[in-house]
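Enquirer: Mind looking over this structure? Questions follow.
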Amino acid sequence: MLALDYVSDSQINVVAAAADCTQTVVSSFTGGEFWQAYPEQIGSATYIQPTDQNTVRVEGTNITAPCTVREVQSVTQTVVVLCSDGSVQVRSSAGAWAPVDVTRALAMASTGPSSLILAVSEPTCSGVLIRSIDVSSSASTDLSCLAADQANATIDLVSSSVFYWSGADFFTSKTGGASWSSAG
């Protein structure tokens, strides 16, 4: 899997690579029960190149990333990458990459054209710190300290609900990340 877009409880879009590294978009409109390939949509997808983690593909164009990329998000002409060292970089449509004032990020999800929600490894939090950040100003707000595992962290947002998943830990927040309920 090269990218995951959780659109709603029923719609999930995945950019996947076949054994020969050919990329395609696969979607489910049944909450993951049934899947269908939509190869014609690959030109509008954003994902990490499977043969080079220093390159992201944005709507059919390869862009050299400023680092080895762990995650990529694209929202309204802005590309955001989470680097393997936990730093975050942002690039407007044709601009240069610029660092966002965040370190030790584990996972990210876009919450709007210039904002992210991050899962961060922070020494002051026993678990995962959930942080909101405005990428244009680097202004950040610590939302909560979630008592959850950090390994293989994933965070996503659908409407006003935030989801955090790591191993056997699965949590949901209906308060934008301020409070959490265990879902698994």
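The values are calculated or read from the model by the stated rules, or taken from the named source; none is laboratory data. Quick caveat, the model's predicted, so the values are computed rather than measured. Cβ: placed from backbone, ideal geometry, glycine included. Neighbour counts: every protein chain shown. Quick note on the areas: whole protein, heavy atoms, side chains included, nothing else; ligands and nucleic acids left out. Shrake-Rupley method; radii C 1.70, N 1.55, O 1.52, S 1.80 Å.
Enquirer: Do any cysteines in the chain lack another Cys Cβ under 4.7 Å, and if so which?
Expert: Singleton cysteines: 21.
Enquirer: Considering only protein heavy atoms, what per residue accessible area in square angstrom results for the chain with a 1.4 angstrom probe? Could the numbers behind the result be given before it?
Expert: On the way: 9170 Å² over 184 residues.
About 50 Å² of surface per residue is accessible.
Enquirer: Of the chymotrypsin sites (Phe, Trp or Tyr not before Pro) in the stretch 1-78, which ones lie in a loop per DSSP and count no more than 10 other C-beta atoms within 10 Å? Show your work: numbers first, answer last.
Expert: Numbers: sites: 6, 29, 34, 35, 47; in loops: 29, 34, 35.
Answer by residue number: 34.
Enquirer: With all protein chains present, calculate the accessible area of residue 28 using a 1.4 Å probe and round the result to the nearest 10 Å².
Expert: Rounded to the nearest 10, the figure is 0 Å².
Enquirer: What's the carbon and sulfur percent of the stretch 137-184's accessible surface, probe 1.4 angstrom, rounded to a whole number?
Expert: On the way: 1370 of 2570 Å².
Using a 1.4 Å probe with all protein chains present, the stretch 137-184 comes out at 53 percent carbon and sulfur.
Enquirer: Right, here's the next one. With just the Cα atoms defining each centre, how far is the stretch 50-110 from the stretch 111-184? Give it in Å.
Expert: Here the two parts' Cα centres lie 18 Å apart.
Enquirer: In what sequence, largest accessible area first, do 170, 163 appear using a 1.4 Å probe? Intermediate values should be presented prior to the final figure.
Expert: On the way: 170 65, 163 40 Å².
Output order, biggest surface exposure first: 170, 163.
Enquirer: If you count only protein heavy atoms and use a 1.4 Å probe, how large is the accessible surface of residue 169, to the nearest 10 Å²?
Expert: Counting only protein heavy atoms, residue 169 exposes about 50 Å² to solvent.
Enquirer: Can I ask one more? By its C-alpha gyration tensor, with a ≥ b ≥ c as the square roots of the eigenvalues, how is the chain shaped: rounded for a/c under 1.5, else prolate for a/b larger than b/c, else oblate? Display every interim value, and only then the final one.
Expert: On the way: a/c = 1.74, a/b = 1.19, b/c = 1.46.
Oblate, since a/c reaches 1.5 and b/c is not below a/b.
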